[in-house]
């Protein structure tokens, strides 16, 4: 409606017409001021759907009471509409990653993070052994393998299971065609997490790398180590003709060689029950309670327990600082192995920061070990 038409109606109509026209004019002004525009940058206007007080100011997660100001992310509008709740955008720029060689001759750990599709994010850690060949192969090919499977399969647990098995077969073909015989004894753990729509988290794992979700300041373990100490894993090894032997430190190994019962690679132990099929877990994120996901290799896990990891990360200003802090603490506690951490922030980042942490340097080794 033009301005001239509005003036004509106001002059010719009664008071009720004036009220109606003024209301229409205000609505037009509001529409022009609040036209929805979504941007990836946090410095630009956000979608007006989530303007909490009608002020026209960008909505922050403090407005919803679930996001710390230090990491201000835009809202994912389609998933928020789909699930009926505000869902933050998880930016790869805010994901913290760190890796340290320790006192080893070579760092065989690898890690990844990537945006696979508009809806799906990918995070992974690989802890190689017997050389870095298997970990390098996963680092190079796992992302592509998952992307190829996503259009064919909606269930992310199935996607990850198929991807692990396919990567293992592909590495076997690669090793058998290679002139390097050491590839037959190269293997790696694999802990891979996919996040869809910012709310669906699926984790798959083989070996003893771990995934932990910090919910309300407490750790929620999303993986279980695959070691010969597990009765079900030990029985499978024996049924397949393998055996478990303990070394001088009292640690069980498959056929006296491998400290885990599932892995990618380790081709010489496939007939002894070492499999590549992962265990998977699906969980719905609650951004009001969930602070972060952390993926770690055993250079950290063997020295720092899950609650300590949550405490260290919760003290940090940003995820990159947190990833380095976890590794540094593991080294301080005596870790000599390769150590890698990936920290993915969620909606409650900074919400459950403890006022203080009591460090116990005399804590028992068992409390911080493999099953902590």
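The values are calculated or read from the model by the stated rules, or taken from the named source; none is laboratory data. This one's a predicted model, so the numbers in the text were calculated from it and none came from an experiment. Positions of Cβ are backbone-derived with ideal geometry, glycine not excepted, and every protein chain shown enters the neighbour counts.
Considering only residues that are in a helix (DSSP H, G or I) and either on the phi > 0 side of the Ramachandran plot or touching a helix residue (DSSP H, G or I) at 6+ places or on another chain (Cβ under 7 Å) (or both), which ones fall in the stretch 161-191?
Taking the stretch 161-191 and keeping what is in a helix (DSSP H, G or I), we get 161-177, 181-185.
Those that are in a helix (DSSP H, G or I) and either on the phi > 0 side of the Ramachandran plot or touching a helix residue (DSSP H, G or I) at 6+ places or on another chain (Cβ under 7 Å) (or both): 162, 163, 166, 167, 170, 171, 172, 174, 175, 183, 184, 185.
Can residue 91 be described as surrounded by 15 or more Cβ atoms within 10 Å (Cβ to Cβ) and either more than 19 Å from the chain's Cα centre (by Cα) or modelled with pLDDT of 90 or more (or both)? Break it down into steps so the answer makes sense when it comes.
On the way: surrounded by 15 or more Cβ atoms within 10 Å (Cβ to Cβ): yes; either more than 19 Å from the chain's Cα centre (by Cα) or modelled with pLDDT of 90 or more (or both): no.
The answer is no for residue 91.
Could you check, for the stretch 129-147, whether at least one of its residues is in a strand (DSSP E or B) and either in contact (Cβ under 8 Å) with a residue 40 or more places away in the chain or within 18 Å of the chain's Cα centre (by Cα) (or both)? Before the answer, list the steps.
Start the filter on the stretch 129-147 by keeping residues that are in a strand (DSSP E or B), which leaves 129.
Then drop every residue that is not either in contact (Cβ under 8 Å) with a residue 40 or more places away in the chain or within 18 Å of the chain's Cα centre (by Cα) (or both), which leaves 129.
Yes, the stretch 129-147 contains a residue that is in a strand (DSSP E or B) and either in contact (Cβ under 8 Å) with a residue 40 or more places away in the chain or within 18 Å of the chain's Cα centre (by Cα) (or both).
Residue under question is residue 99, and the condition is that it be buried (at least 18 other Cβ atoms within 10 Å of the Cβ) and not assigned by TED's automatic domain parsing to the domain that holds residue 261; does it hold? Spell out how you get there, then give the answer.
Values: buried (at least 18 other Cβ atoms within 10 Å of the Cβ): yes; not assigned by TED's automatic domain parsing to the domain that holds residue 261: no.
For residue 99, the condition - buried (at least 18 other Cβ atoms within 10 Å of the Cβ) and not assigned by TED's automatic domain parsing to the domain that holds residue 261 - is not met.
Tell me whether the stretch 103-118 contains one or more residues that are in a loop (DSSP other than H, G, I, E, B), in contact with a helix residue (DSSP H, G or I) (Cβ under 7 Å, 6 or more places away or on another chain), within 17 Å of residue 202 (Cβ to Cβ) and in the same structural domain as residue 276 (by TED's automatic domain parsing). Break it down into steps so the answer makes sense when it comes.
Residues of the stretch 103-118 in a loop (DSSP other than H, G, I, E, B): 103-108, 116-118.
Applying the additional criterion that residues be in contact with a helix residue (DSSP H, G or I) (Cβ under 7 Å, 6 or more places away or on another chain) yields 108, 116.
In the following step, the residues that additionally are within 17 Å of residue 202 (Cβ to Cβ) were identified as 116.
Those left that are additionally in the same structural domain as residue 276 (by TED's automatic domain parsing): 116.
Yes, there is a match, as at least one residue in the stretch 103-118 is in a loop (DSSP other than H, G, I, E, B), in contact with a helix residue (DSSP H, G or I) (Cβ under 7 Å, 6 or more places away or on another chain), within 17 Å of residue 202 (Cβ to Cβ) and in the same structural domain as residue 276 (by TED's automatic domain parsing).
Can you list the strands (runs of 3 or more DSSP E) found entirely within the stretch 199-311 that contain at least 1 residues being touching a residue at least 60 places away in the same chain (Cβ under 8 Å) and over 21 Å from residue 126 (Cα atoms)?
Numbers: elements: 200-206, 210-215, 218-221, 244-246, 252-254, 279-284, 290-296.
Strands (runs of 3 or more DSSP E) meeting the threshold: 200-206, 210-215, 218-221, 279-284, 290-296.
With the condition kept exactly as written, say whether any residue in the stretch 341-360 is modelled with pLDDT of 90 or more, assigned to a loop (DSSP other than H, G, I, E, B), assigned by TED's automatic domain parsing to the domain that holds residue 286 and touching a helix residue (DSSP H, G or I) at 6+ places or on another chain (Cβ under 7 Å).
Checked the stretch 341-360: no residue is modelled with pLDDT of 90 or more, assigned to a loop (DSSP other than H, G, I, E, B), assigned by TED's automatic domain parsing to the domain that holds residue 286 and touching a helix residue (DSSP H, G or I) at 6+ places or on another chain (Cβ under 7 Å).
In the stretch 291-323, how many residues are surrounded by 19 or more Cβ atoms within 10 Å (Cβ to Cβ) and under 16 Å from residue 94 (Cα atoms)?
Adding up the residues that qualify gives 11.
I'd like to know if the stretch 152-172 contains one or more residues that are buried (at least 21 other Cβ atoms within 10 Å of the Cβ) and at pLDDT below 95.
Here is the first cut: in the stretch 152-172, the ones buried (at least 21 other Cβ atoms within 10 Å of the Cβ) are 156, 159-160, 163-164, 167-168, 171.
Within this subset, residues satisfying the condition of being at pLDDT below 95 are none.
Looking through the stretch 152-172, none of the residues is buried (at least 21 other Cβ atoms within 10 Å of the Cβ) and at pLDDT below 95.
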